[in-house]
């Protein structure tokens, strides 16, 4: 019950915060692209949360734990938060003042891309029971090298890259998309630190890096 209440409170807080960041700058609730993003963001999140609660409560607890112990990763989390803050506010202002609002069909296309990325994210959660939101090596952790982990070393970041770059386009804001591109160097910084931690603490990870060469994007990066 404590875990369930924790998860519900996190989701409700997220809905309030994201909604405020989108609709307050927009100056109206008639921002249909904002509602579209809210729907595709939180409905699958709630569904996935209930699945984890009943099938793997330990994984849900790990996903809810967002407290980073390493200073370098705390900087990454801070930068990511500022990026989201700026992107959502600019998207709302873009709609309010009509700077450069993308057509609805672009929002719909990238809503589909967003949902596909959500499916990839869910598959990563299914494949790797050791996933947490913090950079750490867990007790009895083993290297996962099958499925998506046989394609890239960090499929979770592959899916989040698609998710985050789709969000501003769902909102119809090209300016917000440019802001979200900051996620690329942010995630590169996080991966460098994460791989250092894994190499030092996870047996077999160095060999896994030799086997799977690409970090996030197959054949590119």
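What follows draws every value from the coordinates through simple rules; no lab data is involved. Remember, it's a predicted structure, so these values are computed and weren't measured experimentally. Backbone-built Cβ (ideal geometry, glycine too); neighbour counts: all protein chains shown.
Things worth noting here:
- Potential lengthening between residue 192 and residue 58 on full extension [0.36 nm per residue; Cα-Cα distance subtracted]: 45.6 nm
- Nearest-0.05 FRET efficiency for residue 99 and residue 48, computed from C-beta distance (R0 25 Å): 0.15
- Net length available on complete extension from residue 141 to residue 86 is 16.1 nm, with 0.36 nm assigned per residue and the Cα-Cα distance removed.
- Candidates 50, 42, 29: whichever shows maximal mean-square fluctuation once the chain is modelled as a Gaussian network with Cα springs under 10 Å: 29
- Mean residue ellipticity at 222 nm, helices only, the chain: -24000 deg cm²/dmol; runs of at least 4 DSSP H residues each add -39,500 (n - 2.57), and the sum is divided by the number of residues.
- Stretch gain in nm, segment residue 199-residue 127, where the contour uses 0.36 nm per residue and the Cα spacing is subtracted: 23.9 nm
- Angle of helix 71-97 to the longest C-alpha principal axis of the chain, folded into 0 to 90 degrees and rounded to 10: 20°.
- Cα shape, segment 6-62, gyration tensor, a/c 1.5 rule: prolate
- Against the main long axis of the alpha-carbon atoms of the chain, helix 32-55 sits at an angle near 30°.
- Compactness index (Cα Rg / 2.2 N^0.38 Å), the chain: 1.05
- Angle between the chain longest axis and helix 155-170 axis [Cα atoms, degrees, rounded to 10]: 0 degrees
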